[in-house]
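Just so it is clear, none of the values below were taken in a lab; they were calculated from the coordinates. Not measured: the values here are computed from a predicted model. Ideal geometry is used to build each Cβ from the backbone, glycine not excepted, and the neighbour counts take in all protein chains shown.
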Amino acid sequence: MNENGNVDNSLSLLELARGRNRLANERTMLAYMRTAIMLFATGGTLIKFFAPALIAIIAGWLIMLIGAVVVVIGFWRFLRARAKLA
């Protein structure tokens with residue numbers, strides 16, 4: 001309660017900053033996932049639409065592999081940042 005007898009529901013600046021940092025970390029992880037999904041879709045499109053061309057198949061699988069690497073890096077960075085924020 002504050003001096004007027006009312007309940008004080010305000011948050012400290014430190015609590016607000018921590019909340020913003022946690023949300024920013026989650027948004028960054030989601031951006032990594034969005035990028036990986038785009039890479040998977042691009043690779044799959046190359047494989048599906050240009051199937052007879054060997055170079056397109058190789059490029060498609062390579063792009064999908066890069067997408068998988070982006071997922072791993074994004075999740076790893078998310079966990080590392082979350083540990084630092086705790």
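General remarks:
- Verdict on Thr35 being surrounded by 14 or more Cβ atoms within 10 Å (Cβ to Cβ), in contact with a helix residue (DSSP H, G or I) (Cβ under 9 Å, 6 or more places away or on another chain) and closer than 27 Å to Leu85 by Cβ: yes
- In the stretch 47-72, residue surrounded by the fewest Cβ atoms within 10 Å (Cβ to Cβ) [restricted to those that are out of contact with any helix residue (DSSP H, G or I) (no Cβ under 7 Å at 6 or more places or on another chain) and β-branched (Val, Ile, Thr)]: Ile55
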